[in-house]
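In what follows, a structure is listed as structure tokens, so that the remarks can point back to it.
Here, each number is a calculation from the coordinates, and none is a lab measurement. All figures in this text were calculated on a predicted structure; none of them were measured in a lab. Cβ atoms come from the backbone with ideal geometry, glycine included; neighbour counts cover every protein chain shown.
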Amino acid sequence: MTIPFPKRIDRYIIGKFLQTYIFSILLIISIAVIFDYNDNIDKLTQGGAGLKTIIFDYYLNFVPYYANLFSALFVFISVIFFTSKLADNSEIIAMISAGISFRRLMAPYLFTAALIAGANFYLGATIIPRGSAERLEFENKYKRKKKDSTFSDNVMMQVDKGVIAYVGHFDGPTKTGYTFWLDKFEGKKLVSHLEARRIVYDSISTTQFHWNLSNVKIRDLSGEREQITTYNQLDSIIHMEPQDFLVTKGLQETMTNKELVNDIERKKIRGTGQLKAFQVEYYKRYASAFAAFIMTIMGASLSSRKRKGGMGFSLGVGLTLSVTYIFLQGISSSFAINANVPVIPAVWLPNVLFTIISIYLYKKAPR
């Protein structure tokens with residue numbers, strides 16, 4: 001017969017977990033902010049960034065981004081720290097001696113992990129991307145002194161089924177393209193060819209994908225017949241936007257999950273580059289949230305045994321494992337983007353490997 005787990009102890013463990021988690025975030029991120037500011041103070045002051053801009057445009061977005069990015073590490077450190085304290089104080093021994101199984105002891109741990117995972121996923125999928133846009137803009141302007149690409153040459157993309165667009169040169173600030181072609185195919189047969197000397201995106205229009213074309217010639221092909229029509233000016237709906245021609249580093253980080261899904265579908269249709277980078281960002285948000293459970297199980301299993309050396313051994317092993325996890329995340333994501341590796345298996349590989357490790361440690365935990 002299983003002895004019911006006291007609700008007071010449930011609340012006690014959940015409280016300890018959350019307190020330690022929040023404290024570790026505040027401590028480590030505060031240190032990171034200090035180091036970042038010291039390393040970049042010359043660039044920031046020489047670049048003309050004011051104190052208000054540094055605080056509100058950069059660090060106010062820096063803190064939640066990196067707190068969410070390394071949340072798995074903070075979870076691991078928190079669990080190791082407060083569970084080792086419980087073990088050193090013989091509290092875990094007392095719970096197990098009272099008939100509480102280690103499996104039941106994990107219930108408040110996993111409940112708290114679910115709260116953290118849910119919060120991290122929600123913030124990473126909806127709130128943080130908005131702040132990331134300001135953070136990246138600040139970094140490019142003041143830290144890297146680098147501007148996003150403002151033009152592109154010789155871009156070809158599929159804008160609709162069987163419709164291929166080509167732009168010889170596109171200027172980002174004016175949203176203007178030069179030497180534009182639009183070919184329509186039925187199967188492998190060309191049925192229409194449009195040429196325009198210049199195209200301009202109509203940002204004032206309430207209609208999406210509205211373009212103004214100049215010096216237009218349209219060739220309609222039907223069997224052996226060809227009909228040519230010319231226009232000095234022509235307004236047309238073409239399913240492409242100015243940002244489709246310009247590459248912005250880290251753009252996927254500034255998109256919510258809904259925006260990522262829509263953009264990924266558009267990139268699949270158009271055959272444009274950077275598709276895998278956007279897919280990796282999308283699936284990594286789910287994988288990172290799930291990591292809270294893995295790190296919680298590993299941390300509790302490692303530190304629940306009372307050791308002579310205190311928490312030193314558990315913390316050392318824990319940090320090694322968590323750093324290895326973060327390193328594998330980066331490596332697998334890089335392989336997915338730059339090598340011919342399927343995105344989902346690559347993104348989830350660290351979770352699969354560390355799930356196996358967490359199961360092994362759980363089985364070795366005190367009973």
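Only helices enter this figure: runs of n ≥ 4 DSSP H residues, each worth -39500 (n - 2.57), summed and divided by the residues of the chain, yield -18500 deg cm²/dmol at 222 nm to the nearest 500.
Comparing the chain with the 2.2 N^0.38 Å rule of thumb, its C-alpha radius of gyration ratio is 1.32 (two decimals).
With each label modelled as a point 7 angstrom along the Cα→C-beta vector, the GLN227-THR53 pair spans 5.7 nm.
Give the calculated FRET efficiency between ILE356 and TYR178 to the nearest 0.05, with a Förster radius of 51 Å applied to their Cβ-Cβ distance. The calculated FRET efficiency here is 0.35. By the equivalent-ellipsoid construction on the alpha carbon gyration tensor, the range 118-232 comes out with semi-axes of 38, 19, 13 Å, ordered largest to smallest. Per residue, the average separation of C-alpha pairs within less than 8 Å and at least 6 apart gives the range 13-98 a relative contact order of 56 percent. Here the spin labels are modelled as points 7 Å beyond Cα on the Cα-Cβ line, and at ASN89 and ILE14 they lie 1.9 nm apart. Full extension of the segment from GLN243 to ILE326, taken as 0.36 nm per residue of separation minus the current Cα-Cα distance, would add 26.7 nm. For the chain, take the longest principal axis of its alpha carbons; what is the angle in degrees between that and the long axis of helix 60-69, to the nearest 10 within 0 to 90? On a 0 to 90 degree scale, this one is about 70. The Cα-based radius of gyration of the range 212-288, divided by its Kirkwood radius, gives an Rg/Rh of 1.19.
Its Cα centre serving as origin, the chain has a Cβ charge dipole (Lys and Arg +1, Asp and Glu -1) of approximately 1700 debye. Between THR207 and ASP171, residue separation times 0.36 nm minus the direct Cα-Cα distance comes to 10.8 nm.
FRET efficiency for ALA98 and LYS161, Cβ-Cβ distance as r, R0 = 45 Å, nearest 0.05?
With a Förster radius of 45 Å, E is 0.10.
Sorted from greatest to least, the principal axis extents spanned by the alpha carbons of the range 16-91 come out as 56, 18, 16 Å. When the listed pairs LYS217/LYS276; LYS184/LYS267; LYS161/LYS276; LYS16/LYS258; LYS184/LYS258 are checked against a 26 Å cut-off, the alpha-carbon distance exceeds it for LYS217/LYS276; LYS16/LYS258; LYS184/LYS258. Using a simple spin-label model with pseudo-atoms 7 Å out from Cα toward Cβ, ARG219 and SER236 lie 1.4 nm apart.
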